[in-house]
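The structure under discussion appears below in the form of structure tokens.
The values are calculated or read from the model by the stated rules, or taken from the named source; none is laboratory data. A quick note: this is a predicted structure, and the numbers were derived from the prediction, not measured. Cβ sites come from the backbone with ideal geometry, for glycine too, and all protein chains shown count toward neighbours. These accessible areas exclude ligands, DNA and RNA; they are computed on the full protein's heavy atoms, side chains included. Shrake-Rupley method; radii C 1.70, N 1.55, O 1.52, S 1.80 Å.
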Amino acid sequence: MSVHRATRLRTAPAPQTSGRSSLSDILALHLGECGVEAAFGVSGGGIAPFLSALPRVGMKTYHFRHEGGAGFAAVESHFATGRPTLIFATTGPGLTNVLTGMLVARWEGAKVVLVSGGTPPGQRGRWPAQDTSEFTLPTEGLFSAGPLFHYGVRLDHLAQLPQVAWRLAAGLRRPGSFVAHVNLPVSLQAGPAEPLQAPVLDSLAPSISLAEANKLAELFEREPFVIWAGFGARAAAPLIRELAEKTGAAVMTTPRAKGVFPEGHPLFLGVTGLGGDDGVEERLRAIDPAHILVLGTRLSEASSYWQESLLPRTALVQVDLDPTVPGTAYQTAPTICVQAEVREFLQTLLPLMAARGERRLFTSSPAPAALTPRQELRVRPQFLLEAVQRQVVEGTEALLMAESGNSFAWAIHALRFNSPDRFRVSATMGSMGHFAAGAVGAAVSRPGKVVALVGDGSMLMNNELSTAVAYKAPAVWIVLNDARYGMVAQGMAAQGFEPAETEIPEVDFCALARSLGAQGVRVEREQDLEQALQQALRAEGPFVVDVLVDKTIPGPWMKRIQNLITQGAKGALRPKPA
């Protein structure tokens with residue numbers, strides 16, 4: 001299937017400025033015109049001129065405690081608002097510290113621009129402080145396009161600025177993700193620059209031809225089909241539901257797409273992949289679909305485990321803007337590739353599909369009986385998630401984020417969402433500290449509470465509690481405190497290895513929160529959990545709920561272990577020495 005694009009370039013009037021403008025002023029103003037409203041980063045001498053320009057053009061600026069945290073926050077600000085975001089970093093370690101956040105932005109599909117400080121041309125290689133040049137860093141892929149950045153450039157001459165501005169405008173206004181890096185030598189940042197004749201792109205949405213859509217409609221009407229929805233289809237959630245109810249097609253989602261289709265709907269098959277629902281494969285086999293319509297997911301390991309049992313009888317029909325995505329995860333499975341934006345595709349397909357009315361293709365399993373509090377010290381993870389479902393998911397409109405580790409496995413498995421944009425998880429990249437820090441970016445960018453479910457290891461690795469206090473961010477951290485890297489310890493044991501260096505000293509995160517100016521409460525018994533969550537949700541400003549969890553209960557991610565074993569990660573427990 002093909003996609004048809006048309007792009008028209010026109011010149012916008014130059015912004016009205018008074019007095020002398022610097023390159024930093026002009027670039028910051030241009031980014032604002034491209035939709036950027038907020039900037040996240042850490043200051044430093046190598047980026048100071050550019051940073052000082054941001055408030056002059058009216059951009060909200062948030063100063064973090066670590067560039068990694070700022071990067072995660074910028075990613076989550078983008079997803080909370082739909083707007084592109086800016087990250088600023090100084091030279092040397094400022095730039096290298098932020099690269100994990102950039103990797104996450106690329107994998108998650110965000111729109112972010114990194115502006116970093118650079119060493120002036122005449123000083124490179126002379127051992128300047130925090131040298132940021134080809135003498136200290138690989139330039140290929142860092143100051144150019146590659147796996148990390150869609151667009152990268154080192155701006156060494158003022159004459160480059162119009163071309164850089166055009167590239168940024170084009171990238172930020174195209175559908176899908178765009179991650180860019182502009183490296184600015186400090187010698188240019190405060191230098192004079194002329195206002196830009198900024199290009200403005202008007203792009204027609206990618207579309208599928210009527211003839212191609214008709215062929216697919218005929219294909220889907222001949223035999224049963226199933227819809228497999230991913231995070232990239234979240235903007236098309238109402239259309240996915242309309243297609244399912246019109247045709248009777250059952251729907252399953254990936255972990256990142258929880259809520260894109262209501263999880264209480266009778267046509268919902270369940271969540272696949274990491275922490276997914278038990279019985280998805282059995283229900284899929286009962287339907288025996290000829291085709292599966294894959295919308296907005298790369299079908300990564302965390303989304304599918306590449307299980308053959310999730311494949312249809314005939315072929316996958318995979319819709320994605322990126323033509324390299326369809327057929328990549330399941331390389332031997334027949335795949336019909338459709339290069340299109342999901343919403344546009346469904347708007348074309350829906351009128352061509354015959355209405356069959358809603359068909360209940362399977363009987364949903366009854367919800368398990370609620371657990372009753374036990375008297376023992378330590379809280380069961382299942383009990384905690386039941387309380388989070390009641391108090392946070394059903395009791396508020398809060399955005400809930402689940403951190404890498406047992407936290408996201410339990411959240412994916414146990415929580416249920418009936419609307420999109422209530423749940424965030426990074427199951428594929430899974431960088432520890434992502435949501436411990438990213439929660440702040442979302443909390444300062446959207447109204448209402450943001451709740452992060454995190455492990456103690458992640459909270460120690462990269463939290464931004466101090467930043468949250470500085471900006472009075474309405475964020476809540478629920479810490480699963482088991483005094484170890486729980487998922488690693490359980491996973492090593494399940495693979496036959498003796499867990500090594502997985503224990504960590506128990507931390508009182510309530511005391512840590514208070515020392516940084518936040519509020520907190522510690523929960524040791526299940527009977528105290530509901531009241532603690534209610535207190536956190538009522539509180540103003542940042543709040544930590546430190547929950548001592550039972551570490552003997554394994555997380556719901558054994559398929560991940562089985563997949564690692566098939567890749568060769570299998571050991572044998574040795575007897576302990578006498």
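Descriptive notes on the structure:
- Sorting the segments 132-144, 457-469 by their residues' average number of neighbouring beta-carbon atoms within 10 angstrom, most packed first, yields 457-469, 132-144.
- Sulfur and carbon atoms: percent of accessible area, region 400-549 [1.4 Å]: 51 percent
- Gyration tensor (Cα) of the chain, equivalent ellipsoid semi-axes in angstrom: 39, 33, 22
- 11 Å cut-off, amide nitrogen to a point 7 angstrom out along Asp322 Cα→Cβ, residues in region 268-302: 297-300
- Whole-number percent relative contact order across region 130-192, with pairs defined as alpha carbons under 8 Å at least 6 apart: 34 percent
- Rounded FRET efficiency, nearest 0.05, which uses the C-beta distance separating His265 from Arg374 and R0 of 41 Å: 0.80
- As a calculated quantity, the FRET efficiency between Ala315 and Glu282 at R0 = 22 Å, using C-beta atoms, amounts to about 0.50.
- In the chain, lysine pairs closer than 28 Å at Cα, eight or more apart or cross-chain: 17
- Peptides 55-62, 231-238 ranked from most to least packed, by the mean per-residue count of other Cβ atoms within 10 Å: 231-238, 55-62.
- Rounded to the nearest 20 debye, the dipole size of the chain about its Cα centre is 620 debye, using +1 on the Cβ of Lys and Arg and -1 on the Cβ of Asp and Glu.
- With all protein chains kept in place, the per residue accessible area of the chain amounts to 41 square angstrom at a probe of 1.4 angstrom.
- A simple spin-label model places pseudo-atoms 7 Å from Cα toward Cβ; at Glu194 and Thr136 they are separated by 3.4 nm.
- Selection from Leu284, Thr119, Thr272 lying farthest towards where the dipole of the chain points positive, charges on Cβ: Thr119
- Portion, in percent, of the accessible area of region 242-388 that falls on carbon or sulfur, probe 1.4 Å: 51 percent
- The simple spin-label model puts a point 7 Å past each Cα toward its Cβ; for Asp156 and Ser419 those points are separated by 5.3 nm.
- Here the spin labels are modelled as points 7 Å beyond Cα on the Cα-Cβ line, and at Ala483 and Gln123 they lie 4.9 nm apart.
- Accessible surface of region 125-227 [probe 1.4 Å, protein heavy atoms]: carbon and sulfur percent: 59 percent
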